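Peer 1: Submitted below is the structure of interest, expressed as structure tokens.
Since every read-out is calculated from the coordinates, none of them should be taken as a lab result. This one's a predicted model, so the numbers in the text were calculated from it and none came from an experiment. FYI the Cβ positions are ideal-geometry reconstructions off the backbone, even for glycines, and counts take in every protein chain you see.
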Amino acid sequence: TMSNLFWVHNGCLYTPLIDRCGVKGVMRDYLIKLASELGLLVEEGRYKPEVLNGADEVFICNSLIKIWPVTRIDQNTFSIGSMTKNLQQALHKDLSC
């Protein structure tokens with residue numbers, strides 16, 4: 001694994017704990033901090049893959065790709081929503097300084 005997963009559901013940003021999956025990455029930690037600074041609710045936990053079926057937005061991240069929106073997983077399609085776009089813009093602004 002070289003990326004971490006985030007998804008949005010009902011205005012909350014979710015990401016799995018990394019004790020069983022994912023990578024302890026700089027970008028993951030940075031996005032959690034940035035989202036909190038933007039006033040977004042961020043929840044870390046243990047989730048079953050099925051939670052993605054109800055997601056409003058999905059993206060992966062790492063230090064190379066930054067935020068990469070996911071638009072399809074199997075038969076489920078996702079829009080590139082406002083939270084993903086806002087985080088991309090805030091991240092771009094922070095990294096440009």
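Peer 1: At a Cα cut-off below 17 Å, give the aspartates and glutamates reachable from LYS33, other chains included and same-chain residues fewer than 8 away excluded.
Peer 2: Within the straight-line cut-off, LYS33 pairs with GLU43, GLU44, ASP94.
Peer 1: Okay, moving on. Among ILE18, THR77, ALA35, flag the residue with its Cα farthest along the positive direction of the charge dipole of the chain, charges on Cβ as +1 for Lys/Arg and -1 for Asp/Glu.
Peer 2: ILE18
Peer 1: Name the residues whose placed amide hydrogens come within less than 5 Å of the amide hydrogen of HIS9, ignoring near sequence neighbours (fewer than 5 apart) on the same chain.
Peer 2: Residues meeting the amide H criterion: TYR14, ASP56.
Peer 1: What spacing in nm lies between the two simple spin-label points modelled at LEU64 and LEU38, each 7 Å away from Cα in the Cβ direction?
Peer 2: Taking the two extended label points, one gets 2.4 nm.
Peer 1: Also: Assuming 0.36 nm per residue, please report the length gained on full extension of the stretch TYR47 to HIS92 beyond their Cα-Cα distance. Each step should come with its number before you reach the end.
Peer 2: Values: separation 45, 0.36 × 45 = 16.20 nm, distance 2.89 nm.
Using 0.36 nm per residue and subtracting the Cα-Cα distance, I get 13.3 nm.
Peer 1: Right, another one. Under a point-charge model restricted to the Cβ atoms of Lys and Arg (+1) and Asp and Glu (-1), what is the dipole moment magnitude of the chain relative to its Cα centre, in debye to the nearest 20?
Peer 2: With only Lys, Arg, Asp and Glu charged at Cβ, the dipole is about 200 debye.
Peer 1: Once the principal axes of the Cα atoms of region 14-80 are found, what is the range along each, listed largest first in whole angstroms?
Peer 2: Extents along the principal axes, in whole Å: 31, 25, 25.
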